[in-house]
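Scroll down for the structure; my scribbles are underneath it.
The values are calculated or read from the model by the stated rules, or taken from the named source; none is laboratory data. Nothing here was measured: the structure is a model prediction, and the numbers come from that model. Note that we place each Cβ from the backbone using ideal geometry, even for glycine, and neighbour counts take in every protein chain shown. Side chains are part of the model used for accessible areas, which takes the heavy atoms of the whole protein and leaves out ligands, DNA and RNA. Shrake-Rupley method; radii C 1.70, N 1.55, O 1.52, S 1.80 Å.
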Amino acid sequence: MDRIEAVLFDFDGTLWDCEPFIFQAYDECFRRHGHRLSDATWLGMMGTAGLSPWGHLEELTGGPVDRAAAERLFRRRKTELLTTARARAGIRRLLDEIDRDGLRRAIVSNSDHAWITRYAAQCGIADGWAFIECADGDLVRAKPAPDLYRTALTRLGLEPEQAVAIEDSPTGIRAAQRAGLRCIAVRTLAAAVDGADAMIESFDRHDLNSLLSCVEPR
């Protein structure tokens, strides 16, 4: 097994604990129309660029929904709720260990650069990244396509065997594995992470060595 030289992190839900707040913002919009956002609908959206639940809400209500108004309400509540979101437990220590061991680290995300920069700073994890590789609205390159991960490997000058991805959603897991990467999934509030090469409950239960030892060679 080649020595791992880099760790590639998804952002939303992986590095910071934003998913419960985003779910809450969507669910509040659903409740205004007398319904709830189901876990199954939320799971299908997690990690996937360009998806919204308003079509599903219209199926539940049996009629049209003012999608623009719903989206405005969602965005306002999301911004309000996310002011309290922080980095996931144990992630700051893990990033420090990666740096001390001389590994490189990068963010590979479907989100846009401004979003990542803003909330990485809020969470105190803005520094030390080799780069941020993100979709920035490009739905062709976005996960579950492997493009973002393949580009990240090219920028690092590494083969897939020399890096590991850390994800929190089925969409991200598929993207990493399609790029030939081993993938460690960290469990979130609702997402099933079956199919990853390894799964952990929380970063605060692992140091870097134990985390990487979860991944068996292919």
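Structure notes:
- Protection proxy ranking of 145-157, 54-66, 13-25 - average other beta-carbon atoms within 10 Å, highest first: 13-25, 145-157, 54-66
- Rel. contact order, % - alpha carbon contacts under 8 angstrom, at least six apart, the chain: 26
- Each peptide among 2-9, 203-210 gets the average number of other Cβ atoms lying within 10 Å of its residues, and from highest to lowest they stand as 2-9, 203-210.
- Against the chain, whose longest principal axis is taken from its Cα atoms, helix 91-100 shows a tilt of about 30°.
- Using R0 = 45 Å, the C-beta based FRET efficiency linking Arg67 and Arg93 works out to 0.60.
- Within the range 21-122: Cβ-based charge dipole about Cα centre, in debye rounded to nearest 20 (Lys, Arg +1; Asp, Glu -1): 340
- Magnitude of the charge dipole, the chain, Cβ model with Lys/Arg +1 and Asp/Glu -1, debye to 20: 440
- Gyration tensor verdict on the range 91-171 (Cα atoms; rounded if a/c is under 1.5, prolate if a/b is larger than b/c, oblate otherwise): oblate
- Using C-alpha pairs below 8 Å separated by at least 6 residues, the relative contact order for the range 15-106 is 43 percent.
- For the chain, the Kirkwood hydrodynamic radius comes to 17.8 Å, computed from all pairs of different C-alpha atoms.
- Per-peptide average of other Cβ atoms within 10 Å, ordering 176-182, 166-172 highest first: 166-172, 176-182
- Mean separation of Cα contacts under 8 Å (6+ apart) over length of the range 121-218, as relative contact order %: 19
- Solvent exposure of the chain as accessible area per residue, Å², 1.4 Å probe: 45
- Accessible-area composition of the chain, carbon plus sulfur, in percent [1.4 Å probe]: 48
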